[in-house]
Amino acid sequence: MKQYQIALIPGDGIGPEVVAEGVKVLRKVAALDGSFDFSFTSFPWGCEYYLQTGKMMDEDGLEKLQKFDAIYLGAVGYPTVPDHLSLRELLLKIRVGFDEYVNLRPVKLLRGAPCPSQGKEPKDIDFIVIRENSEGEYVGLGEWHNKDQKDEYVLQTGKFSRKGCERVIRYAFELARKEGKHRVTSITKGNALNYSMVFWDQIFHQIAKEYPDIEANQYMVDAASMLFVLHPERFEIVVTSNLFGDILTDLGAAITGGMGLAAGDNLNPERRYPSMFESIHGSAPDIAGKGIANPIAQIWAAASMLKHLGHPEWYEKIISSFETLLCEKKILTPDLGGNSKTSDVGDEICRILER
């Protein structure tokens, strides 16, 4: 029997609550399948750990994580810890350190999920956003000049390497072929960002020539934001930079039922390092400890991890279980109009999978 070694980073706020439900579902899947099992090792890293130790994660954290098949992350964030610290000292440290240069986020309207875009059905909103995840606008380069003076100013520098752009754009085209999609859309802002985005645009068109069977489209980020809401059916595979991808995928969550239904993969496609799977809703400290957080996003991340580990059939079954849950409307958390607890949702998904 295959034994998968999974590193858990439950994190802060509602993170431990929703991670527990994801683990519950993974254990149920393993029991139902019978050909594999999981061994979980939990790490206490995050903002609360920082307040106790002065560190977001151990100095040798990457070395400790290296041996695992995958990393399962809950949420990071705490009101008294600056967000830039939690992002840079934990999330980006793992993403960059393990060369997880593909951030993959499905934008999929599930049957039964609420959609604020009038008249849209599940067939209209079903695409994947590929966000460059290791450089771009998030590399932390820049300068601070004339600090605390009247003429104070800062420079924020992005890094766009040919290697970084080529590999994530090529991944998008390869994914389109693998998933049977026919359109890849690049989203940039080349008219205003006359170095980084012009460079990206040129590389996109160069690589597109290698895939004559795939239609290559391009939109400015402002126009794309509008089209995400009004005409999401135009998109199949989207590829974009770190910053634009971060913003657009939250918009994608909004049109598909909210952050409680949104998950993301941080992938090292070459599998030299473990990939990391997470919900993208944050730590939600206002509801932490109340047992009412929606665990679907975190369980979706678990499903994506199963797919990455070579079990796509279980990914599909778990997504189907979400739709059953949402259509039956018997067990839902308050964000979806119900009054059930976090653990109730995890239990119900397990029961649906047994069916």
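Give me the percent of DSSP beta bridges within the chain that run antiparallel, rounded to the nearest 5.
Working: 21 of 51 bridges.
In the chain, approximately 40 percent of DSSP beta bridges are antiparallel ones.
List the GluC sites (Glu not before Pro) within the stretch 43-127 that fall in a DSSP loop (any state other than H, G, I, E or B) and whose Cβ has at most 12 other Cβ atoms within 10 Å.
On the way: sites: E48, E59, E63, E89, E100; in loops: E59, E100.
Listed in order of number, the matching sites are E59.
With a length cut of 20 Å (Cα positions projected on each helix's long axis) and a Kyte-Doolittle mean of at least 0.0, go through the chain and give me the DSSP H helices that pass. Kindly include the intermediate steps, with their values, before the conclusion.
Numbers: long enough: 15-33 (27 Å, 0.46); 162-179 (25 Å, -0.92); 312-328 (24 Å, -0.12).
Helices meeting the criterion: 15-33.
Mind checking which aspartates and glutamates have their C-alpha under 14 Å from K209, skipping anything on the same chain fewer than 8 residues away?
In chain and number order, the partners are E166, E174, D201.
How high is the relative contact order of the chain, in percent, with contacts defined as C-alpha pairs under 8 Å that are six or more residues apart? Before the final figure, lay out each step's value.
Numbers: 714 pairs, mean separation 81.2, N = 355.
Answer for the chain is 23 percent.
Can you give the helix-only mean residue ellipticity at 222 nm for the chain, where every DSSP H stretch with n ≥ 4 adds -39500 (n - 2.57) and the sum goes over all residues, rounded to the nearest 500 deg cm²/dmol?
Details: 12 runs with 138 residues, N = 355.
So the calculated ellipticity at 222 nm is -12000 deg cm²/dmol.
How much of the calculated P(r) for the stretch 204-355 lies past 26 Å, in percent of all Cα pairs? Present the calculation step by step, with values, prior to reporting the outcome.
Numbers: 4350 of 11476 pairs.
Within the stretch 204-355, distances greater than 26 Å cover 38 percent of Cα pairs.
Under 29 Å between alpha carbons, and skipping anything fewer than 8 positions from K93 in its own chain: which lysines qualify?
K24, K55, K64, K67, K108, K147, K159, K163, K189, K307
As an exercise, identify the chymotrypsin sites (Phe, Trp or Tyr not before Pro) in the stretch 148-222 lying in DSSP coil whose Cβ has no more than 12 other Cβ atoms within 10 Å.
Details: sites: Y153, F160, Y171, F173, Y195, F199, W200, F204, Y219; in loops: F160, Y195.
Here the chymotrypsin sites (Phe, Trp or Tyr not before Pro) that fit, given the DSSP loop and packing criteria, are Y195.
Tell me which trypsin sites (Lys or Arg not before Pro) from the stretch 90-195 have a DSSP coil assignment and no more than 14 other beta carbons within 10 Å of their own. Please list the in-between numbers first.
Working: sites: K93, R95, K108, R111, K120, K123, R131, K147, K150, K159, R162, K163, R167, R170, R177, K178, K181, R183, K189; in loops: R111, K120, K123, K147, K150, K181, K189.
Qualifying residues, ordered by number: R111, K123, K147, K150.
So, with +1 on the Cβ of K and R and -1 on the Cβ of D and E, and no other charges, what is the size of the charge dipole of the stretch 115-256 about its Cα centre, to the nearest 20 debye? All intermediate terms of the calculation are to be shown ahead of the outcome.
On the way: 17 positive and 22 negative charges, 70 e Å.
I would put it at about 340 debye.
Taking every Cα atom in the chain, find the radius of gyration and the maximum pairwise distance Dmax, and write them in Å.
Rg then Dmax for the chain, in Å: 20.2, 67.
Read-outs: derived from the displayed coordinates by stated rules, not from any lab. Keep in mind the model is a prediction, meaning the values are calculated, not measured. Virtual Cβ from ideal backbone geometry, glycine too; neighbours counted across all protein chains shown.
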